[in-house]
Amino acid sequence: MTEKISLTELQLIIRDSLYLALPDAYWIMAEISELKENNAGHCYLELIEKHPEEKNVRARVKAIIWSKSYRFLKAFFENATGESLREGLKILVRTKVEYHKLYGLSLIISDIDPTFTIGEMAMKRQLVIKKLEQEGVLSMNKEIMFPAVPQRIAIISSKNAAGYSDFINQLKSNSFGYVFYTALIESSLQGIETELGIINALDRIALNSHLFDLVVIIRGGGSQSDLSWFDNYNIAYHVTQFPLPVITGIGHDKDVSVTDMVANRSLKTPTAVADFLIDSVNSAENHIIEISSEIISTSRIIFEKNKNRIEASAIKLFPLARIMMSHVKDKLSSEIIEVINIGKEFIIRAGLIPSNQKLRLASGAKSFSSGKEVALRRNGQRLITGTVNCLNVYDVMLKNLVNTLQLLNPENVLQRGFSITSINGRIIKNSDQIRKDDQIDTQLFEGTLRSRVIEKTGKGG
Amino acid sequence: MAKKEFSFNNAVLEIENILQNIESGDLDIDKLSVEVKRASELIKECQKKLRSTEEEINSIFKDLV
Amino acid sequence: MAKKEFSFNNAVLEIENILQNIESGDLDIDKLSVEVKRASELIKECQKKLRSTEEEINSIFKDLV
Amino acid sequence: MAKKEFSFNNAVLEIENILQNIESGDLDIDKLSVEVKRASELIKECQKKLRSTEEEINSIFKDLV
Amino acid sequence: MAKKEFSFNNAVLEIENILQNIESGDLDIDKLSVEVKRASELIKECQKKLRSTEEEINSIFKDLV
Amino acid sequence: MAKKEFSFNNAVLEIENILQNIESGDLDIDKLSVEVKRASELIKECQKKLRSTEEEINSIFKDLV
Amino acid sequence: MAKKEFSFNNAVLEIENILQNIESGDLDIDKLSVEVKRASELIKECQKKLRSTEEEINSIFKDLV
């Protein structure tokens with residue numbers, strides 16, 4: 001300790017030493033633990049390095065982005081990541097170590113690589129999603145039936161948020177005149193208190209869940225909002241486990257947060273949520289109106305059907321009755337015709353009997369008498385032939401008698417030269433009848449001879 | 001002989017009797033010619049009878065046919 | 001013979017009888033003409049009967065038709 | 001024959017009977033005309049019955065149509 | 001026939017029955033006109049029934065339209 | 001028919017049943033006018049019911065739309 | 001229906017049920033106007049429910065926040 005130097009001198013030595021030792025700029029990875037903008041537009045940060053498994057901070061340093069760079073870098077970063085630079089973000093920045101005699105060591109940030117942050121955020125987000133998925137709760141809130149009439153709404157927002165008043169105005173001024181019952185449960189929606197605020201709010205609502213149809217989480221409009229607060233595991237988990245459907249309206253143009261993902265529905269803006277609710281109620285009402293008009297038209301159809309049925313019956317009744325009457329009439333007239341025909345036919349048939357009998361009588365009588373006549377004529381014929389035969393027999397008999405007589409007549413015998421010899425009138429047929437000298441008479445055809453027997457010869461003598 | 005009492009059958013019997021007598025030759029020569037005469041007469045009577053009967057019948061038949 | 005008592009059938013029977021007598025040749029010539037006469041008369045009666053019956057029937061039929 | 005008791009069918013049967021007798025030739029000719037007369041009368045009765053029935057029926061039908 | 005107990009269908013059945021009897025030829029002509037008369041009366045009853053039914057229906061119809 | 005117990009559907013079924021009976025021809029003509037009268041009354045009741053229902057429904061609809 | 005217990009959802013279900021009943025065609029016209037009336041009342045209740053403020057709920061909410 002020989003030389004005494006002033007603090008300024010020392011600080012300058014440190015500055016020069018550091019400058020000499022670290023002439024280059026370095027790309028470093030760190031997490032923002034604090035961020036402040038001052039009125040001049042400069043941005044003051046505290047960067048730390050933390051191991052996920054450790055509680056304590058391993059390294060810490062102050063950093064500055066001069067307003068000249070900050071205007072450009074902020075826009076560039078937000079544009080690229082959709083996030084504003086804030087506490088808790090991991091960033092990759094180009095820095096140069098500077099040492100200021102008044103403020104000490106700080107890193108001057110001259111450039112920032114948003115892709116690193118995007119990667120980090122995405123990785124973190126993926127881990128959360130994966131965890132929720134592994135726990136099987138990812139879509140639990142989505143599975144809750146959305147109320148047909150979302151009229152009783154628990155709102156998680158902050159009173160002063162522009163989004164909240166937009167939401168309320170949109171709801172109340174709905175052109176349909178629907179009534180919505182809203183209850184605001186306040187919570188911080190950005191920054192580190194977001195997690196606890198939302199979880200507390202959800203817990204309070206859950207205690208009175210029977211009073212509400214759903215929960216709406218809305219945040220003030222504008223694109224500046226930090227979505228990454230809603231990639232928080234605990235918020236997302238609470239949402240998945242919530243007994244009522246949760247609708248988010250935390251608004252982001254590009255990405256959706258994990259909370260948006262697990263919510264029953266997610267819309268870009270509070271106004272959109274309000275419109276959605278109005279639409280839901282409206283579609284519920286329209287549904288009723290549709291049903292009622294369907295009931296009306298169906299009733300008319302039923303009515304007309306029944307009316308037609310009755311009218312058809314009324315129209316059919318009398319023609320049918322008349323047709324039946326005319327059938328019966330036809331049947332009756334055919335019966336009449338049949339009775340007449342059959343009656344007449346019967347008489348004709350009956351009439352045939354006596355006329356046949358008449359014919360038979362005439363022919364029978366005629367053949368009878370002609371038969372008798374034939375028999376008579378035959379008898380007459382028989383009489384004639386019989387009689388003629390009889391007479392012929394007698395005629396023949398008489399002729400035979402005449403012939404016999406002629407043969408026997410002695411006169412005829414004598415004529416032929418025979419003679420009859422007799423004695424004392426008795427005809428001599430045998431010589432024994434006479435004796436010698438008997439005087440015999442011989443009768444000739446003409447004249448008679450008397451002679452004396454001289455000699456007598458015997459038979460064969 | 002009264003015509004009314006003439007019997008054809010009796011006449012025929014008598015004729016046949018006469019003819020038998022003649023045939024037998026037992027007859028006396030005097031009676032022979034008498035008998036022949038008698039038979040001849042009877043035959044004539046019979047023929048007459050027959051003819052008259054015939055005529056009668058014919059007239060009946062003429063009426064009948 | 002009273003007409004009333006005349007029977008066609010009996011007459012036919014009698015005719016038949018006479019015919020048999022005649023046809024058998026047993027009949028005496030003396031009775032022949034009598035029988036023939038009888039038969040002939042019967043036949044005539046029968047024919048008359050037939051004719052009268054016929055006329056009667058005809059008149060009945062004339063009445064009928 | 002009293003009209004009330006006249007039966008067409010019985011009459012037809014009786015006529016039939018008579019016709020059979022006539023047609024078989026068994027009938028006595030003496031009865032022929034009597035039977036023919038009877039049959040003829042029955043036929044007339046039947047025809048009369050038929051006519052009267054026809055008239056009756058016709059008048060019923062006239063009434064009906 | 002008391003009007004109250006008159007049945008059109010039964011009447012038609014009876015008419016058809018009569019028709020069958022007549023057609024079958026079993027019917028005595030002596031009964032024909034009786035049966036035809038019966039049928040005719042039934043038919044008239046039926047026609048009367050038809051007319052009255054028609055009138056009734058017409059009056060119901062007038063009432064309805 | 002007590003109005004309170006009147007059922008349109010039952011009435012329609014009954015009417016259609018009657019119509020079917022008439023159409024099928026199974027109906028006894030003796031019952032035709034009774035059935036037609038019944039159907040006609042039911043139709044009137046139904047039309048009355050329809051009119052009152054129409055009025056009721058129309059008034060409900062006017063109220064609603 | 002007590003106002004407190006009125007549920008839009010139940011009302012919608014009931015209305016839908018009524019529509020189904022009507023559409024299924026099972027509905028008796030006798031019940032149609034009753035059902036339509038019921039549906040109409042439910043619809044009116046629903047519309048009222050959507051538009052009229054319930055002080056009770058409001059006060060509960062105020063209490064809660």
At the level of C-alpha centres, the distance separating the stretch A:385-461 and the stretch A:84-157, in angstrom, is 206
List the residues, sorted by chain then number, that are 5 or more residues from A:Ile427 or on another chain and whose placed amide H is less than 5 Å from its amide H. B:Ile29
Rounded to the nearest 500 deg cm²/dmol, what is the calculated helix-only ellipticity per residue at 222 nm for chain A, with -39500 (n - 2.57) per DSSP H run of length n ≥ 4? -18500 deg cm²/dmol
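Taking neighbour counts of Cβ atoms within 10 Å as a proxy for exposure, in what order, fewest first, do A:Met140, A:Met325 appear?
The fewest-first ordering by Cβ neighbours comes to A:Met140, A:Met325.
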Expressed in angstrom and rounded, the centroid-to-centroid distance over alpha carbons for the stretch G:40-65 and the stretch B:30-57 is 177
How far apart, in nm, are the 7 Å Cα→Cβ label points at A:Asn160 and A:Lys429? 21.6
When D:Phe61, F:Phe8 are ordered from fewest to most other Cβ atoms inside 10 Å of their Cβ, what list results? D:Phe61, F:Phe8
Which shape class applies to the stretch A:115-167: rounded if a/c is under 1.5, otherwise prolate when a/b exceeds b/c and oblate if not, where a ≥ b ≥ c are the square roots of the Cα gyration tensor eigenvalues? oblate
Considering the rotation that carries chain F onto chain C, locate the chain F residue whose Cβ comes closest to its axis and report the distance in whole Å. F:Ser24, 78
Excluding residues fewer than 8 positions from G:Lys37 in its own chain, the lysines with Cα under 26 Å of it are A:Lys305, A:Lys307, F:Lys3, F:Lys4, F:Lys44, F:Lys48, F:Lys49, F:Lys62, G:Lys3, G:Lys4, G:Lys48, G:Lys49
The stretch A:7-115, dipole about Cα centre (Lys/Arg Cβ +1, Asp/Glu Cβ -1), debye to the nearest 20: 200
Let me see the P(r) profile for the stretch A:320-426: every Cα-Cα distance counted, bins of 5 Å, each bin given as a percent of all pairs. 3, 8, 6, 6, 6, 6, 5, 5, 5, 4, 4, 4, 4, 4, 3, 3, 3, 3, 3, 2, 2, 2, 2, 2, 1, 1, 1, 1, 0, 0
Using the alpha-carbon atoms, what tilt in degrees (0 to 90, nearest 10) does helix F:8-24 show relative to the longest principal axis of chain F? 30
Charged-residue dipole, Cβ positions (Lys, Arg, Asp, Glu), the protein assembly as shown about Cα centre, Debye nearest 20: 1320
Any DSSP H helix in chain A with Cα axial reach of 24 Å or more and mean Kyte-Doolittle score of at least 0.0? Listed by number, the hits are A:270-408
Using the 7 Å Cα-to-Cβ label point, sort the distances from B:Lys31 to its equivalents in the other copies shortest first and give them in nm to one decimal. 3.3, 6.6, 9.8, 13.0, 15.9
If we hang a label 7 Å off Cα along the beta carbon direction at C:Glu16, how far is it from the matching labels on the other copies, in nm, shortest first? 3.1, 3.2, 6.3, 9.4, 12.2
So, how do all the Cα-to-Cα distances of the stretch A:7-115 break down into 10 Å bins, in percent, from 0 on up? 14, 44, 32, 10, 1
What full-extension length gain, to one decimal in nm, is calculated for A:Glu34 and A:Gln134 as 0.36 nm per residue of separation minus the Cα-Cα distance? 32.7 nm
Between the residues A:Val239, A:Gly251, A:Thr182, the Cα farthest towards the positive end of the dipole of the stretch A:135-268, that dipole coming from +1 and -1 charges on the beta-carbon of Lys, Arg, Asp and Glu, is from A:Thr182
For q = 0.25, 0.29 Å⁻¹, what log10 I(q)/I(0) does chain C give under the Debye formula with an equal point scatterer on each alpha carbon and no solvent? -1.02, -1.17
If N is the number of residues in the protein assembly as shown, what value comes out of its Cα radius of gyration divided by 2.2 N^0.38 Å? 2.80
Stokes-Einstein diffusion coefficient of the stretch A:69-112, Kirkwood radius over Cα pairs, 25 °C, 0.890 mPa s, in µm²/s: 210
Dipole axis of the stretch A:56-168 (+1 Lys, Arg; -1 Asp, Glu on Cβ), positive-most option in A:Asn141, A:His100, A:Ala59: A:His100
Fraction of alpha-carbon pairs over 20 Å apart in the stretch A:135-268 - percent: 40
Looking only at lysines whose Cα falls under 19 Å of A:Lys36's and that sit 8 or more positions away or on another chain, we get A:Lys62, A:Lys68, A:Lys74, A:Lys90
With 28 Å as the cut-off, how large is the P(r) tail for chain A, expressed as percent of Cα-Cα pairs? 76
Within 10 Å of each residue's Cβ, count the other Cβ atoms and sort G:Ile29, C:Ile18 from fewest upward. G:Ile29, C:Ile18
Ellipticity estimate at 222 nm from DSSP helix runs (n ≥ 4, -39,500 (n - 2.57)) divided over chain B, nearest 500: -29000 deg cm²/dmol
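Coordinate-derived values only; no laboratory data. Please read these numbers as outputs of a predicted model, since none were measured by experiment. Every residue, glycine as well, gets a Cβ built from its backbone with ideal geometry; the counts of neighbours run over all protein chains shown.
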